[in-house]
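Student: Attaching a single structure in structure tokens format; questions to follow.
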Amino acid sequence: MDIELRVLICQLNSIDDLDSNLKQIHELIDQIPKSEKIDLICLPENSLYMRVREGAKIPGLHLDSKAFQSLEEISRQRNTFVHIGSTPLESDEKLVNASVLIEPGLSRRKSYEKIHLFDIELDGLSPVRETDLFKHGKFPSVFKVRGWEIGQAICYDLRFAELFLEYAKQGVDLVLVPAAFLVETGRAHWEVLLRARAIESQCYIVAAAQAGKHLGCQGGHRMTYGHSLAIDPWGTVIWQGNS
């Protein structure tokens, strides 16, 4: 792809409080002068709401929720796409863990539903079971920015090469992988899997991540690995966030 794509990757420490998370997002984006052109802002999984205490109720949002208005204003003022890596959305049955895309001048839309849901039990940690609350997405999804064809995945999707093979068949230039990787699995597999997917798919990978210790308003805490990454089709890390 000959056209340059200017991407802002936001690494967050989201919690179970929408207003706090929005404040953090705005503070990060405000560090970039409005005079500096951004084509695409990438937020991680669970960017607007993260369940910190396992078993706590997750409030689903609707696309007409006021929570998206301030991000639409960012999109309008900066003339940039905003990719909300994932947020829980209401659906007919269970919730969906979905990406939401805000395109300047257009209505927000659900752009992808997480296909592979994360159920795991690790020694010494509380079990995580996304299937208790969420339904599986069914389809890959691509959108376009400045001529770039951009595929979408969410966190645990990273472990399933067939999704990235489908994007490779479609000739995408970039795949977004917003995530909230646990620390133990992150240390072992995060970078190596992202680099492998870039090499296999012969595309760029941008992975905005949750990071650090998340202290819940409803009690509890969890840790995420961080290390947001941008990787080129050769598998070279061209940018990395802090842990």
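Student: Expressed in nm to one decimal, what extension gain is obtained for the pair Lys23 and Asp119 from 0.36 nm per residue of sequence separation less their Cα-Cα distance? Numbers along the way, then the final one.
Tutor: Details: separation 96, 0.36 × 96 = 34.56 nm, distance 3.00 nm.
Extra length available between Lys23 and Asp119 comes to 31.6 nm.
Student: For segment 82-173, what does the alpha-carbon gyration tensor say about shape, rounded, prolate or oblate, given a ≥ b ≥ c as the root eigenvalues, a/c under 1.5 as rounded, and a/b over b/c as prolate?
Tutor: Values: a/c = 2.33, a/b = 1.46, b/c = 1.60.
Since a/c reaches 1.5 but b/c is at least a/b, the shape of segment 82-173 is classed as oblate.
Student: Also, quick follow-up: Quick check on packing: order 231-241, 106-116, 76-86 by the mean number of other C-beta atoms within 10 Å, highest mean leading.
Tutor: Working: 231-241: 14.9, 106-116: 17.8, 76-86: 21.3.
Peptide ranking by packing, descending: 76-86, 106-116, 231-241.
Student: Roll a 1.4 angstrom probe over the protein heavy atoms and tell me the percent of accessible area of the chain that is carbon or sulfur. Please report the intermediate quantities before stating the final value.
Tutor: Details: 5570 of 11390 Å².
For the chain, the apolar C and S fraction of the accessible surface comes to 49 percent.
Student: Just to verify a number: FRET efficiency for Asp30 and Glu166, C-beta to C-beta distance, R0 = 51 Å, to 0.05? Don't jump to the answer; show the numbers that get you there.
Tutor: Details: r = 37 Å, r/R0 = 0.72.
About 0.90, to the nearest 0.05.
Student: Alpha carbon centre of segment 192-243 versus segment 16-45: separation in Å?
Tutor: Spelled out, the Cα-based centre of one part sits 17 Å from the other.
Student: Please give the peptides 130-138, 14-22 ranked by average Cβ packing (other Cβ atoms within 10 Å per residue), highest first, as a rough proxy for protection. Before the final figure, lay out each step's value.
Tutor: Values: 130-138: 15.8, 14-22: 18.4.
Result, highest mean Cβ count within 10 Å first: 14-22, 130-138.
Student: Go ahead and estimate [θ] at 222 nm for the chain from helices alone: -39,500 (n - 2.57) per DSSP H run with n ≥ 4, summed, over the residue count, rounded to 500. Let's see the in-between values first.
Tutor: On the way: 4 runs with 43 residues, N = 243.
Value at 222 nm, helices only, nearest 500: -5500 deg cm²/dmol.
Student: While we're looking at this one, here's another question. What does the C-alpha gyration tensor say about the overall shape of segment 1-113? Classify as rounded when a/c is under 1.5, otherwise prolate if a/b is larger than b/c, or oblate.
Tutor: Values: a/c = 1.97, a/b = 1.58, b/c = 1.25.
Cα axes put segment 1-113 in the prolate bin.
Student: Distance in nm between label sites at Ala188 and Glu54, each 7 Å beyond Cα in the beta-carbon direction?
Tutor: 1.6
Student: How many nm is it between the label spots at Gln202 and Ser243, if each spot is 7 Å from the Cα in line with the beta carbon?
Tutor: 3.7
Student: Related question: Would you work out which of Leu174, Ala208, Pro233 lies farthest towards the positive end of the dipole of segment 142-243? Charges go on Cβ: Lys and Arg +1, Asp and Glu -1.
Tutor: Looking along the dipole axis, the top candidate is Ala208.
Student: Something else about it: For the chain, would you read off the P(r) tail past 26 Å as a percentage of all alpha carbon pairs? All intermediate terms of the calculation are to be shown ahead of the outcome.
Tutor: Numbers: 9455 of 29403 pairs.
Summing the P(r) tail past 26 Å for the chain gives 32 percent.
Student: Taking R0 as 41 Å, what FRET efficiency do you get between His221 and Lys37 from their Cβ-Cβ distance, rounded to the nearest 0.05?
Tutor: Plugging the Cβ-Cβ distance into 1/(1 + (r/R0)^6) gives 0.60.
Student: Taking 0.36 nm per intervening residue step and subtracting the Cα-Cα distance, what contour gain separates Ile3 from Leu63 on full extension? Please list the in-between numbers first.
Tutor: Numbers: separation 60, 0.36 × 60 = 21.60 nm, distance 3.14 nm.
Once the chain is fully extended between Ile3 and Leu63, it gains 18.5 nm.
Student: With a probe of 1.4 Å, find how much accessible area the chain has per residue, and write the answer as a whole number in Å².
Tutor: 47
Student: On full extension of the chain, what length is gained from Asp92 through Arg76, given 0.36 nm per residue of separation minus the C-alpha to C-alpha distance? Don't skip to the end; give the middle numbers.
Tutor: Details: separation 16, 0.36 × 16 = 5.76 nm, distance 3.07 nm.
Full extension of this stretch gives 2.7 nm more.
Student: Rounded to the nearest 5, what % of DSSP beta bridges with both residues in the chain are antiparallel? The partial results should precede the final answer.
Tutor: Values: 27 of 43 bridges.
Percentage antiparallel, nearest 5: 65.
The values are calculated or read from the model by the stated rules, or taken from the named source; none is laboratory data. All figures in this text were calculated on a predicted structure; none of them were measured in a lab. Positions of Cβ are backbone-derived with ideal geometry, glycine not excepted, and every protein chain shown enters the neighbour counts. Surface accessibility is based on the protein's heavy atoms, side chains included, excluding ligands, DNA and RNA. Shrake-Rupley method; radii C 1.70, N 1.55, O 1.52, S 1.80 Å.
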